[in-house]
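The values are calculated or read from the model by the stated rules, or taken from the named source; none is laboratory data. A quick note: this is a predicted structure, and the numbers were derived from the prediction, not measured. Using ideal geometry, Cβ is built from the backbone for each residue, glycine included, and neighbour counts are taken over all protein chains shown. Surface areas here come from the heavy atoms of the whole protein model, side chains and all, with no ligands, DNA or RNA. Shrake-Rupley method; radii C 1.70, N 1.55, O 1.52, S 1.80 Å.
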Amino acid sequence: MEARVDFKGRLQRSLDDRGPASKVEFMVTRVTANAEAARQDYPFTDVMRDRSRAIRLHTLANLDIYLEEFAEAAEANGTAVFFAGDADEANRYVVDLAAREGVELVVKGKSMVTEETELNAALQRDGVEVVETDLGEFIAQLAGDTPSHIIGPIAHLSRQDCGRVMSEKLGIPYTDDPDQLVAAAREHLRERFLTAGMGITGCNLAVAETGSIALVENEGNGRMTTTSPRILVVFMGMERIVPTFGDLSVLLNVLARSGTGQSLSVYTNLLTGPRRPDEHDGPEQVHVVVLDNGRSSMLGGDLAEILGCIRCGACLNICPVYRQVGGHVYGSVYPGPVGSVVTPGLWGLAPWHDLPQASTLCGACQEVCPIRIDIPRMLLRLRERTVDQGLAPAWLGWSLRGFAKAASSPRRFASRERLVARLGRLGSRDGWIRRLPGPARGWTASRDFPVPSRRPFRQRWEERDHGGA
Amino acid sequence: MEREVFLAGVRAAQQRAVLPSMKPGPLYPKERRRKTVDWFVESATAVGAVVHRAASADEVRELVREIARGTGQAVFTAWAPDQLPVPGVASYLVLAGLEEAAVSIPADDGRAAAVRALDRIGVGVTGADAAFARSGAIALFTGPGRPRMASLVPEVHVAILPEDRIVASLSAWAEITPSALDRSSNLVFIAGPSRSGDIEMTLSIGVHGPRAIHIVIV
Amino acid sequence: MAVQLFVTCLVDALKPEVGEATVAVLEAAGCEVEFPADQSCCGQPAYNAGFRSDARRMARHTLDVLDGTDGPIVLPSGSCTDMIIHHYPGLVADDPEYAAKAERVAGRARELTQFLVDDLDTTLRVDDDRTIAYHPSCHGLRNLGIHAQPATLLEGCERASLGSEEKVCCGFGGVFSVKQPEISNLMLQQKLDAVETSGAAVLCGGDVGCLMHIEGGLRRRASAVEVRHIAELLAGER
């Protein structure tokens, strides 16, 4: 993915037009309430989260073993397993496969990993038609837009936006009634499902012991994608794996509850190889593409924990920053709190160091994460690396360094304090400052700032000690 | 990339991984004893399934016929007679005037036509291999006589569920069925009709999967 | 008992009346308050901004100041307490002498409301006839578990609720408030809307950073809502 460096520009767009962000907020507020209700309702929320964390961290610590086990079991059940070092390799495998098999039309279930590698573009360049079938992704594709949320890709569009796009691109009469739009999508995509030569999906979680793939969804497009076409390709981030079916059941207990508040998604689809000789339908070929693309470099350091993520979306939904700015401001396939760690992790800090800064470290993400991932810790590590790599603004380093120096010397600190107190009285009104200078002016753009006290606490204490002012 | 090279890279990274400590919990939490059938009915209804109770095989056939006729659909498909928990369901529907279509997708040139023909099917009748009371979900294995499409392509899915296959939860079932994934190429848990909230968070039913699911408990 | 007051740099320079109220409250609860005069800043703003070596410098100084004292160390700030308890040990881990100091000092550090309610089981309560809403600062709430304690201190008061916005970050975030002022402001406005709809006459909290950010925003709205640190309310300040 290309580096898109203009965070400030994207932020400004979000500030100028609050429409998309306010729609995202509408969605995340509802979903957060549902997820919270599900957490309260389920008596095993905490123990399942503890166990989920244990399973995921154990798996990461032994990832090579489980990937090897998965490959062996998958091949034993008739699955072809391809290990892709990077995005190009992964894409090339699929493009070559499609060419070899004469595939003209691909239907796709939702897959962030395929967006990460930009698979659609690679197939399209080779003359293959690619149709996104998740309703939100389908509409986004029609609109030439990109998803703004992991779970709700078109949270930023209104029903009128959807109606316009579908009317224009599908030639149906304009309507903004969601049921009618859905019916139109169903009919249009049904035909694509039944004629496509290849289906491509992501992978919520792979199961090592049986070489199986678990996919969760509500619409049925994932089931159609994995049942109708002759060839199925599953794109899998190498970290998206658990050891056993029992382990999978634990993760399934927390995945939908955290993401949408459902006990289970409408469809939990568990695939173990291509159709068997005595079965009546299903793909004749199943290929699993296991992708590294920078994950092993994250695994080999202090960002390893983020690989425990199961992409439930809970952190996006709860994040007060995401809620205000929406997904597109992050400029990445992976937005929100998890994205602020994964994006610089996969693509480097230099182009993406704004993302870890876009947080108050409030900790709400960690609180709702079903894997209890300590996202604030990793955002902090990324901020430290930003400073070490000289990417932090000069004024900030200069002022914090100066402050640290003063703070380490009691006399200097006290005298600086007195100086600030005297300066503060200039340009203030009734104890409050309306305009701060320089980099601090951002504060006073929307808030007053308190005038430093003429008599700081330590002075008052001294006076008290010496019997009054 | 060569598998060994890939895995060697992973192995090397693992040595340096900073992974905080973890506090393990139970794999299968102990569920409180509850009347699972009533609980299942409540949960399944809450996720939008229509649940029926039948006291006999006759009643099941009657109910399925009534449901099928109520859809106004002309064509149905069903799991093979030896795969459904109750005999004679398909023939009962044929007697009621519906046309039975088999789902059988060949691996050869007839494939495309067979797949297109699936779109005619309006009702799919299946069994259910398990059901989870907590989530209101049913579990279906694919296999001989049990096409996946029967529960996916039709507008209406009718699942016949023997009462004794209802357990408290997915965890409870996973505990007693650890080799579930080996049995066939596909296992699916279904919790209600197909849905989406993608357009302005408005719930729409019947996106790509069935618009309605009827569960007949016997 | 004797307690050491770590008053925090924001209170010291910007809101010394909160420090005075803290002293008054601790004394009313039966404590003898000492103030190690060489204290300055716990280093959290630098730490959260990624300036680890500057933060370490301030941490070492703070540890030198506090380790030589005895008794509980009480802070009128959840975030500074969190810094000392959860981050000091890691920050100085590679120096055995300071690692030991950090362990000792972290073991003694207590946020004010935790100290009053959990440790002293105080009977002190806020006595104020106005409607009061409470804003729980994030680090205190999530990292120290501070929520019931202020509620206890406020029992008997007429309470207003911030509803679903109560536990949502106000947008201060230390240096974030000036580094990302637009996002900070969007979050602030959300919180201010909740304060105004709550019907509260007073908004109180336990962290001066959050409170001055919220108060600064309320002033721009010409709001009549008063903002007070809980220590001030406990000390009977209006």
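Structure above, values below:
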{"quantity": "Those GluC sites (Glu not before Pro) in segment C:112-187 that DSSP places in a loop and that have at most 15 other beta carbons within 10 Å", "calculated": "C:Glu155, C:Glu158"}
{"quantity": "Charge dipole of chain B about the Cα centre (unit charges at C-beta), most positive-ward option of B:Leu98, B:Ser169, B:Ile215", "calculated": "B:Ser169"}
{"quantity": "Chain A - charge dipole about Cα centre, Lys and Arg +1 at Cβ, Asp and Glu -1, debye rounded to 20", "calculated": "3700 debye"}
{"quantity": "Candidates B:Ser43, B:Ser21, B:Ser185: whichever shows maximal mean-square fluctuation once chain B is modelled as a Gaussian network with Cα springs under 10 Å", "calculated": "B:Ser21"}
{"quantity": "Acute angle (nearest 10 degrees) that the helix B:36-46 long axis makes with the longest principal axis of chain B, alpha-carbon atoms", "calculated": "90 degrees"}
{"quantity": "Derived scalar couplings ³J(HN,Hα) [segment C:102-107; Karplus, 6.51 cos²θ - 1.76 cosθ + 1.60; whole Hz; x for Gly, Pro]", "calculated": "4, 5, 5, 5, 4, x"}
{"quantity": "Accessible area (Å², 1.4 Å probe, nearest 10) - C:Phe6", "calculated": "0 Å²"}
{"quantity": "Charge dipole (debye, nearest 20) of segment A:20-121; +1 at Cβ of Lys and Arg, -1 at Cβ of Asp and Glu", "calculated": "640 debye"}
{"quantity": "Other-chain or far-sequence residues with amide H under 5 Å of A:Val233's (modelled H)", "calculated": "A:Gly199, A:Ile200, A:Thr201, A:His287"}
{"quantity": "Extended-chain gain in nm, criterion 0.36 nm per residue less alpha-carbon gap, C:Glu32 and C:Ala100", "calculated": "21.9 nm"}
{"quantity": "Nonlocal Lys pairs with alpha-carbon distance under 27 Å, the protein assembly as shown (8 or more apart, or different chains)", "calculated": "21"}
{"quantity": "Cα centroid of segment B:141-218 to Cα centroid of segment A:406-458, whole Å", "calculated": "64 Å"}
{"quantity": "For the protein assembly as shown, diffusion coefficient by Stokes-Einstein and Kirkwood Rh (Cα), 20 °C, 1.002 mPa s, µm²/s", "calculated": "72 µm²/s"}
{"quantity": "Nitroxide proxy distance, nm - points 7 Å out along Cα→Cβ at A:Ile65 and A:Lys8", "calculated": "5.0 nm"}
{"quantity": "Estimated inter-spin distance, A:Ala99 and B:Arg116, nm [label 7 Å along Cα→Cβ]", "calculated": "2.9 nm"}
{"quantity": "B:Ile217 long-range amide H proximity, modeled H, under 5 Å", "calculated": "B:His52, B:Arg53, B:Ala54, B:Leu161"}
{"quantity": "Rounded Å value of the spacing that divides the Cα centres of segment C:74-125 and segment C:188-238", "calculated": "26 Å"}
{"quantity": "Given charges at Cβ of Lys, Arg, Asp, Glu: segment B:1-125 dipole, positive-most of B:Val64, B:Val41, B:Ala80", "calculated": "B:Val41"}
{"quantity": "Angle between chain C longest axis and helix C:16-28 axis [Cα atoms, degrees, rounded to 10]", "calculated": "80 degrees"}
{"quantity": "Under the Karplus curve 6.51 cos²θ - 1.76 cosθ + 1.60, θ = phi - 60°, whole-Hz ³J(HN,Hα) for segment A:308-325, x wherever Gly or Pro sits", "calculated": "x, 4, 10, 6, 7, x, 4, 5, 4, 5, 8, 5, x, 6, 3, 4, 7, 9"}
{"quantity": "Positive-end residue of C:Leu75, C:Ile230, C:Met212, charge dipole of chain C with Cβ unit charges", "calculated": "C:Met212"}
{"quantity": "Loop trypsin sites (Lys or Arg not before Pro), segment B:1-39 (other Cβ atoms within 10 Å of the site Cβ: 13 or fewer; DSSP)", "calculated": "B:Lys30, B:Arg32, B:Arg33, B:Arg34, B:Lys35"}
{"quantity": "Choice from B:Pro24, B:Pro85, B:Pro106 showing the highest fluctuation, given a GNM over chain B with Cα pairs closer than 10 Å", "calculated": "B:Pro24"}
{"quantity": "Cα-centred dipole magnitude for the protein assembly as shown, charges only on beta-carbon of K, R (+1) and D, E (-1), debye, nearest 20", "calculated": "2240 debye"}
{"quantity": "Among B:Pro81, B:Pro26, B:Pro193: highest mean-square fluctuation, GNM of chain B, C-alpha pairs under 10 Å", "calculated": "B:Pro26"}
{"quantity": "In degrees, nearest ten, helix A:87-100 long axis to first principal axis of chain A (Cα)", "calculated": "20 degrees"}
{"quantity": "Nonlocal amide H pairs with C:Val227, under 5 Å, H built at 1.01 Å", "calculated": "C:Leu203"}
{"quantity": "Bridge type composition, the protein assembly as shown - antiparallel percent by DSSP, nearest 5", "calculated": "30 percent"}
{"quantity": "FRET efficiency estimate (nearest 0.05) - Cβ-Cβ, C:Ala151 to B:Glu99, R0 45 angstrom", "calculated": "0.10"}
{"quantity": "Globularity ratio of segment B:84-199, using Cα Rg and 2.2 N^0.38 Å", "calculated": "1.17"}
{"quantity": "Spin-label model distance (nm) - B:Ser56 vs A:Arg18, 7 Å beyond Cα toward Cβ", "calculated": "6.7 nm"}
{"quantity": "Förster-model FRET efficiency, 22 Å R0, A:Ser167 and A:Glu187, C-beta, rounded to 0.05", "calculated": "0.95"}
